[in-house]
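The values are calculated or read from the model by the stated rules, or taken from the named source; none is laboratory data. Treat the numbers as computed from the prediction; the structure is a model and nothing was measured. So basically every Cβ, Gly included, is an ideal-geometry build from the backbone, and we count neighbours across all protein chains shown. Accessible surface areas use protein heavy atoms only, side chains included; no ligands, DNA or RNA. Shrake-Rupley method; radii C 1.70, N 1.55, O 1.52, S 1.80 Å.
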Amino acid sequence: MELSRPVRTWEFLPVVGTRAGLFGNESGRLEAWAYPLKIFRDFHLTFHVANRALPAETLARTLTVTPSSATLLYSGDSFRVRETLFVPVNEAGAVIALEVETEQPLEIEAGFVGDFALEWPAAMGGTFEDWDAAHHAVYFGEETKKFAAMVGSPTADEPHLAYETNYSSSNETSFRLGVTQKGRETKVLVIAASTAGRDEATKTYEHLADSYSDLLRDSAEYYRNYLAHTINLELPDPALQQAYDWARVSVIQGLVANPYLGTGLVAGYRTSGTSQRPGYAWFFGRDSLWTSFALNAAGDFATTKTAIEFISKYQRDDGKIPHEIAQGATFVSWFKDFPYPYVSADATPLFIIATNDYVTQSGDVAFARNTWERVWKAYQFLRSTYNEQGFPRNFGVGHGWVEGGPLLPVMTEYYQSALGTEALRALSHLASLVGKADVEKELLSEFQRRQIALDQAFWSPTENIYAFALDQKNQQVDEASVLSTVPMWFELPQATHAEAMITRLAEADHQTDWGMRIISSHSKVYDGSGYHYGAVWPLFTGWASVGEYRYHRALPAYSNLRTNALLTMDGSLGHDTEVLSGDYYQSFSTSSPHQIWSAAMVVSPILRGMFGLQTDALNHQITLAPHVPADWTTFTIRNVPLGAASLDFNYRKSPDSIALDVTRSGAGNCTIEFSPAFSLRAHIISVELNGKALAFKVQPNDEDQHVSMRITVSSGTNHLVIRTKNDFGLAFANELPPLGSTSRALRVISEKWNPAHTELAVEVSGRASGHYELRVWNPSQITSVENAELTKQGTLRFTIPTAPAEDYVHRALLIRFGKP
């Protein structure tokens, strides 16, 4: 778990714990926070050597990150300095270690602008700086003596404090760390803060100075344990493998402990600059709830429980779930006087859905009982917002997804109405667990009626799309939007309608090389810089991937999944950004580069989407319904929790078989519903479990077929073999373009088999005159190809026709086979 690359001075660099964070960029400029306090900004180093003062940012060469720290390598003519930034998991402070290697005398100076303040929107009175000679540190204080911070080093000397007089001023504070004559030496800079006064800040400062090596080891162990005890994967796609591991780290780094509010998930991180708003480093309702689906999928039920409990603690009296809780909320009349706390409508149905998902996967029925009153009250609020058709309103109630811009106003979005519908099913299940059979039956019946009504209300037969919304006159807003994939996530739409919508979204006007636009670039209201009317969000891309997998569209689903994975390694290293331009591969200048639910949209599409992995601890059952790329011959899933048991899955594929080893450890009954996807051309010969025939069902759809079987898993290893013939598949691995570029990658729009399964028509789209390839599984079955060449390496190679006026052009490929 180590990433390294040459420095990109513009990229965001975060190092965080649950109580503090360092935010800056790869040039080494930083700001420091110990929640809810900001301590300084514009931290930078200067190297004094041979009567020269060298700004460190001009010498930054390499960045190396681990889950617990980040290291910048600075290199001069006669020296190197490794600056390791470290924030302990559970301490209100940070440590910066400077490993010096020099051939001549070198001294490091640390400078910064004191910015001692509470996080937005709170404020404190007069603040001051002083030099604490005993601790070799700058002391930050304020008149009530409640808040305090210290920044210094055991070797710090020659302080120059910020000042202001009638005649001159300086807002920079600095000190030097002592001369290293020649050779190697480590200098340590310590940052500590407290909301309980100077004594506690001093105690933390001393602890960090004395024990930073131990704390660094503890933090590294914390992340190792976290990764080891959540679901582990071994994948044949190295980029996907790396991104999955880092995404789990990035998500758990959203857990923040505020001494006044409690512990919950924040939305993301960015530098605050001269303000007191560090990105979205405050608590969000819907962000936490969408992220919880990834946490549950990966087996981290404890963090989900913490997040849900935190959000529900601030539920409004009428049942509405909060949208935003600022870290400075304690110091102002946040819930009464500010417009933000309950501004969204979608957090309320998401709260019901997320609670049910947590209880189902973890088996925590006690939580369902303890939370019932809150989810029931949330439902009562939801009902109070229904329009005449029984769909929850946005207008006058709170925004659904879209918060502003030309797509508004509307009465209700398809997104919001779908969440309201799914909330009925979720609440019905929760009612069954807490012994309310009459409520369960009533809600399930209402869900079934509402699901049908939802499709009727939002499907546009004339446009062959799902409408974005119903306007204030209850008319469809026929704007094709990626938001329609959220209902697909919950398998609410009719299959033929969903498939048509996915085909529309697979086009290049919706799908860029770096993810999904919210609306088509051909729309009259589209603007690539529009936050809610043109931009690309990894969140949207993840929604699309899961929705596409639900409806068996594996090629566009994998393309979207892999896009999010690649973003993890190509922005703020190891993290996923919040939002990118709809026109160019470039993160927004206002984006939060470490966005928690963006990282979650690497985890959920892999586990819930591609693997179709779902645990039901209440019924002792795991579902595994993989749509893995056609040319994947292996994968392994480890540590899948099911009550007191844990299971490992080891998958192997050959041209005529699939083998699955299921290993169970721990107590309790366990059943596996295994349902892998095969080509419609494939023939299933037999299924055996531990050498004995096993009953199975073949379940075809318009895109593929699933071979489904139920396995009762005994302790130890259980060996399953599915024998096949004539399986076939296509695959490709998309890549990100250079920064600032437009799209250039292949789009697979659709795949259609003829009834005899002797012909496969593949509609693709690519850059005019562009050259592309598709990888083929079992190419020996192909007898001929139109508009493509079958290479000796087993790939389909083709060229997109020339069309100067068009960016992307369609190409129809036809693959012929012998009789099955």
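Check 404, 420 and return the single one that is touching a residue at least 60 places away in the same chain (Cβ under 8 Å) and closer than 23 Å to residue 547 by Cβ. Residue meeting the stated conditions: 420.
Do we have residue 260 as touching a Ser or Thr at 6+ places or on another chain (Cβ under 9 Å) and surrounded by fewer than 18 Cβ atoms within 10 Å (Cβ to Cβ) here?
So residue 260 fits the description; yes.
Residues checked against (1) open to solvent by 10 Å² or more (accessible area, probe 1.4 Å); (2) of a type in the set (Asp, Glu); (3) under 30 Å from residue 303 (Cβ atoms):
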residue	(1), (2), (3)
8	yes, no, no
33	no, no, yes
42	yes, yes, no
46	yes, no, no
51	yes, no, no
54	yes, no, no
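Restricted to the stretch 1-60, the set of strands (runs of 3 or more DSSP E) holding at least 2 residues that are closer than 26 Å to residue 264 by Cβ, modelled with pLDDT under 95 and of a type in the set (Lys, Arg) is empty. Of all residues in the stretch 688-704, those that are in a loop (DSSP other than H, G, I, E, B) and surrounded by 11 or more Cβ atoms within 10 Å (Cβ to Cβ) have Cβ atoms under 9 Å from Cβ atoms of residues that are of a type in the set (Ser, Thr, Tyr) and modelled with pLDDT under 95, 6 or more apart or on another chain, in 690/714.
From the list 598, 572, 521, 591, exactly one residue is outside any strand (DSSP E or B) and more than 23 Å from residue 15 (Cα to Cα). Which is it? Going through 598, 572, 521, 591 in turn, just one is outside any strand (DSSP E or B) and more than 23 Å from residue 15 (Cα to Cα): 521.
Of all residues in the stretch 253-277, which are within 13 Å of residue 599 (Cβ to Cβ), of a type in the set (A, V, I, L, M, F, W, C) and not in a loop (DSSP other than H, G, I, E, B)? Within the stretch 253-277, 255, 265, 266 qualify. Scanning the stretch 483-539 for residues that are charged (D, E, K, R), open to solvent by 40 Å² or more (accessible area, probe 1.4 Å) and within 26 Å of residue 423 (Cβ to Cβ) returns a single hit, 491. Restricting the stretch 423-438 to residues that are free of Cβ contacts under 8 Å to residues at least 12 places away in the same chain and not charged (D, E, K, R) leaves a set whose member that is least open to solvent (accessible area, probe 1.4 Å) is 432.
Could you list, in sequence order, all residues of the stretch 294-332 that are more than 23 Å from residue 380 (Cβ to Cβ) and open to solvent by 50 Å² or more (accessible area, probe 1.4 Å)? Explain how you work it out, then say what you get.
Here is the first cut: in the stretch 294-332, the residues more than 23 Å from residue 380 (Cβ to Cβ) are 294-306, 326-332.
Answer for the stretch 294-332, where residues must be more than 23 Å from residue 380 (Cβ to Cβ) and open to solvent by 50 Å² or more (accessible area, probe 1.4 Å): 302, 305, 330, 331.
Cβ separations smaller than 6 Å between residues 6+ apart or across chains give the following pairs from the stretch 294-314 residues that are without any contact (Cβ under 8 Å) to a residue 60 or more places away in the chain to residues that are open to solvent by less than 10 Å² (accessible area, probe 1.4 Å) and β-branched (Val, Ile, Thr): 314/325. Evaluation of residue 365 against the conditions (1) β-branched (Val, Ile, Thr); (2) more than 27 Å from residue 640 (Cβ to Cβ); (3) surrounded by fewer than 19 Cβ atoms within 10 Å (Cβ to Cβ); (4) out of contact with any His (no Cβ under 9 Å at 6 or more places or on another chain) shows that the sole unmet condition is (2). Of the strands (runs of 3 or more DSSP E) lying entirely inside the stretch 68-163, the ones with 1 or more residues being of a type in the set (D, E, K, R) are found at 79-86, 93-102, 106-118, 127-132, 137-142, 157-160. Considering (1) under 25 Å from the mean Cα position of the chain (by Cα); (2) under 21 Å from residue 454 (Cβ atoms); (3) part of a loop (DSSP other than H, G, I, E, B), the lone condition that residue 397 does not fulfil carries the number (1).
Filter the stretch 140-161 down to residues that are farther than 19 Å from residue 35 by Cβ and either in contact with a helix residue (DSSP H, G or I) (Cβ under 7 Å, 6 or more places away or on another chain) or open to solvent by 40 Å² or more (accessible area, probe 1.4 Å) (or both), then give me how many there are.
Start the filter on the stretch 140-161 by keeping residues that are farther than 19 Å from residue 35 by Cβ, which leaves 143, 145, 152-161.
Still in the running and either in contact with a helix residue (DSSP H, G or I) (Cβ under 7 Å, 6 or more places away or on another chain) or open to solvent by 40 Å² or more (accessible area, probe 1.4 Å) (or both): 143, 145, 154-155, 157-161.
Matching residues across the stretch 140-161 total 9.
Entry remark, the stretch 711-749: residues being of a type in the set (Ser, Thr, Tyr), surrounded by fewer than 18 Cβ atoms within 10 Å (Cβ to Cβ) and in a strand (DSSP E or B) number 2 in total. Residue pairs whose Cβ atoms lie under 8 Å apart, separated by 6 or more positions or on different chains, with the first residue in the stretch 611-639 and basic (Lys, Arg) and the second open to solvent by 30 Å² or more (accessible area, probe 1.4 Å), are 638/232; 638/234; 638/648. Of all residues in the stretch 11-52, those satisfying the criterion of being in contact with a strand residue (DSSP E or B) (Cβ under 9 Å, 6 or more places away or on another chain) and free of Cβ contacts under 8 Å to residues at least 40 places away in the same chain are 27, 29.
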